[in-house]
Every structure is written in structure tokens, then in C-alpha cells.
Amino acid sequence: MANLSHPWAEPMPDSQFQLMHDILAAPSPIGLEGAMSHGVIKPYFESFAPAGWAVQSFKGHAGVILDTHPGDDDRFKVMVIGHADKIRMQVRSIGDDGKIWINSDSFLPTTLIGHEVSLFSEDPAAPGSYRRIDGGTVEALGAIHFADPKLRSGERGVRKEQLYLELHIHGADKKKQIEGLGIRPGDSILMNRPIRRGFGPDTFYGAYLDNGLGCFVAAEAARLVAESGGAKNIRMLFTIATYEEIGRFGSRVMAGELRPDAIIGVDVNHDYAAAPGIGDRRMAPIEMGKGFTMSVGSIVSEQLNRRIETVANNLEIPMQRDVVGVDTGTDGMAGVLGNVDCAATSVGMPLRNMHTISESACTRDVLACTHAVAGTLQALDKEETQPGVLAVAFCNNHPRLDSAQPLKHPGFESD
């Protein structure tokens, strides 16, 4: 029987895994995120939202926000942000031999070769209507027989300019065959690899865990809050942002529009312990399967971090500290980038093979992050015993290192 008091220590139920699958499988390349935000998450929000909660949409992008107290700007506002946009390839040009030359965006070119993809093409005769082409693969070299010795040995890699989409076109007028399909420069291409459960216990793998997982956590944290009685004292903004992969532009717009008092960005992180070839960099010892991650450093609010860590300790949720430098690299930066005064931090889940077709993670880490976010929101809601308490606390209780207590070595005396 599942340990209901510690769901992060148990396998993820099949129904919850299916929701995560559906969120991650939604085709939502940058600029075309509506399949995930409006197609999957918005209906899910509406399925459990209590009376009075509302979903807000935006004009310039397909982001959505589930708002517990729409229009109530006097309440302390906490924004939880995941991003729905996926990195994608795009058509650059079409060759006379039927090759569709593409860009690699934020993928390593060598990780793309041979993998199946889906091309999404806007119908030239019906702007706004899209068609999907499956069955193509990304190629660059053709057969090994045509590769020079340095490519065969690995001394030289694949350049991004060599990548093309193979649609197996043959016969006369290959370029015209492609153009006749309405494929044009700029069309989006996505990896075709939905997630599935992995071989290791409580693992899963596939494409685009970055960052449908953050959206899943935001959505499930909203459900947990709703099922536990809702938000009584603070305003919670469960946010599905866009444009993160090109500079976190969507989240900064949302922060600018709603002006939250606190932001919790939810994104994926690296399993540094398993990352090949970086042992000499002395990275933070973050590992898949050991809990969610919390950023320290950069612009993060130590007050907000303290509350998250307190919740994790009280609930016995496993947590790992991630060291960030000048930038969290996530939507946790939305307030600073949007010129909004707010306390902010970033939490996440360790991944292996980020920005590949075989990203992998542990469901227990995802559940740990979900319950830590929900628990922190509920703790903040209880802390706001009367209007203004949290605002005053965050303004007046910044840590003071000039009050730090001297620490001495305890010596070697036995107990």
C-alpha cells in the first residue's frame, strides 16, 4: 500500500503518470505553445479549480495562469512558474535533392542524427491551420562509407550546418515534391519520443522533460492546494509561461502584468554526479533519485529558501541544494528581468541527458518537488495571519551577516 503521508517515497500512480505523459507529449515548440498550455493544462486546471478561481490567458503568447483570487491586488501574491515552450528545430531551406536543411537550436548536432521527428507546417492556403508530417529522421552524414577518417574516429564532430531532415523523397523533381507539401522555411520540427517508464525503479525517459515537468509540478501543486481547502489568505498564481528557451521573455511579461510578491520558478536541473567528463569541475553533488533541488546564490531570496527548506524538513521531503552563480538560468529570474520587486527562488528536479531525445528523471524527485511547492504555499498561507504580515516580514527580515555567531571547532572529545 502506498505511503499516503510520503507519496514522494512511492512509485507515481499510473493516472498521475499519464497526466505527466500528456503534458510532456503536447507539441509546443517556442511560439506555438498552445497545445500544452491551452490543450492539456488549462482543461486540467478547470477540472479541479474551486469556485472563484479563474484561468487567465494572454494576447502575445499562449501562456496561462490559474489565479486563486483574480483581481485582488491587495493580497500577498505568490507566482509558481513552469514553462511550456520546447526547444525545436526549424526548416532553413530545401535542396534540389529533396533534403530539408534545418537548424539545431539548443541541441547538440550529434545527438540528433537518426532520430525520428515530426514536422509541423502551416498550410500556405489556410494561414493558421497546421499539418503534421511524421516519419522523417534527422541526418547529416549519410552512410559511414562516405565519412572521412576523422569523422569515423570521432576526432571531428558534426557541424550544425550539416543537419537535414530526411523524408525519403525519390523520383523526379524532389524539391518540387517537398514544396508541393507546403513545407516552408521556419516550419517547426520536434523530436518524436513520448516519455515512458524506465528500467531503473521509478524512472522515466523521453524527450522534452525540459520543461513540461515544471508545468506538471505547477499544475499538481495547484490541485493539492485546491483539494486541501484552497488559498485562504494569499493569492496564488499557478503560471504556465512561454519563451523561456529564448531568454525567459514570457515569464517576465507575466511578472510585469501581475507583479507578484514572491516567485518560485520550477525547472529541470542536472544530475551532476552522472554527467560524463565534468568530475574535475567539482559541481554540486546533485543526483537523480535523491530529491528535488533548491537554488542558492544569484538573486534567490534566502527568506523564501528558508521557508521552503523548513517545509521540506518538517515533511521529510528529500532536498538537494544547487549552487547557482550570476543567474539561476530559470524563470526564477522573472521578477528581476521584469523590474518587479519580489522574493524569488528556483526549485527543480535532476535530469540526465538534458536537451536530448533521451532525457531521464526519477518520478520520486518530481513528486518531492510537487509536494514541497504545495507545502510552501500552504505554509505561506498560514503565515499570513492578517493582511500585510508577509510583506512586512519579507521587507524587514533580510538575513544580516553582521549578526553571524562565531563558530569554533568542537574539538575531538568523545561523547
Residues of the range 142-176 classified as surrounded by 15 or more Cβ atoms within 10 Å (Cβ to Cβ) and hydrophobic (A, V, I, L, M, F, W, C), total: 7
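Let me confirm something: among G39, G60, which residue is out of contact with any Phe, Trp or Tyr (no Cβ under 9 Å at 6 or more places or on another chain), in a helix (DSSP H, G or I) and within 16 Å of I240 (Cα to Cα)? Outline the logic, then answer.
On the way: G60 fails: in a helix (DSSP H, G or I).
When all the criteria are applied, what remains is G39.
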Could you tell me which numbered condition T239 fails, if it satisfies all but one of (1) modelled with pLDDT of 95 or more; (2) closer than 22 Å to P318 by Cα? (2)
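Listed here are the residues, each with its yes/no results for (1) part of a strand (DSSP E or B); (2) in contact with a Leu (Cβ under 8 Å, 6 or more places away or on another chain).
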site	(1), (2)
G52	no, no
V55	yes, yes
G98	no, yes
V117	yes, yes
F120	yes, yes
Residues being more than 13 Å from D261 (Cα to Cα), within 34 Å of the chain's Cα centre (by Cα) and not hydrophobic (A, V, I, L, M, F, W, C) - total across the range 388-408: 5
Testing Q303 on (1) more than 19 Å from the chain's Cα centre (by Cα); (2) within 24 Å of R352 (Cα to Cα), one condition comes back false. Which one is that? (2)
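In the set D322, D402, which member is more than 27 Å from K86 (Cβ to Cβ), outside the structural domain of S106 (by TED's automatic domain parsing) and out of contact with any Gly (no Cβ under 7 Å at 6 or more places or on another chain)?
On the way: D322 fails: more than 27 Å from K86 (Cβ to Cβ).
Within the list D322, D402, the selection yields D402.
Report, by residue number, each residue of the range 260-274 that is more than 19 Å from the chain's Cα centre (by Cα), more than 17 Å from I65 (Cα to Cα) and touching a residue at least 60 places away in the same chain (Cβ under 8 Å).
Going residue by residue through the range 260-274, those that are more than 19 Å from the chain's Cα centre (by Cα) are 260-261, 273-274.
Right, trim to more than 17 Å from I65 (Cα to Cα) and you get 273-274.
Selection gives A274 alone.
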Only one residue in E245, E287, E309 is out of contact with any Gly (no Cβ under 6 Å at 6 or more places or on another chain), part of a helix (DSSP H, G or I) and farther than 16 Å from H371 by Cα. Which one? E245
Out of S93, S129, which single residue is assigned by TED's automatic domain parsing to the domain that holds G157, touching a Pro at 6+ places or on another chain (Cβ under 7 Å) and either without any contact (Cβ under 8 Å) to a residue 12 or more places away in the chain or under 16 Å from G186 (Cα atoms) (or both)? S93
I'd like to check something: does the range 67-81 contain any residue that is touching a His at 6+ places or on another chain (Cβ under 7 Å), among the basic types (K, R) and in the same structural domain as E245 (by TED's automatic domain parsing)? yes
Check G265 against each of (1) out of contact with any Asp or Glu (no Cβ under 6 Å at 6 or more places or on another chain); (2) buried (at least 16 other Cβ atoms within 10 Å of the Cβ); (3) under 26 Å from S358 (Cβ atoms) and name the one condition it does not meet. (1)
When (1) part of a helix (DSSP H, G or I); (2) modelled with pLDDT of 95 or more are applied to D280, the one that fails is (2)
Could you please find all residues in the range 7-36 being assigned to a loop (DSSP other than H, G, I, E, B) and touching a residue at least 24 places away in the same chain (Cβ under 8 Å)? E10, P11, M12, A26, P27, S28, I30, G31, L32, E33
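The values are calculated or read from the model by the stated rules, or taken from the named source; none is laboratory data. Because the structure is a prediction, the values reported are computed rather than measured. Please note: Cβ atoms are built from the backbone with ideal geometry, for glycine as well, and neighbour counts cover all protein chains shown.
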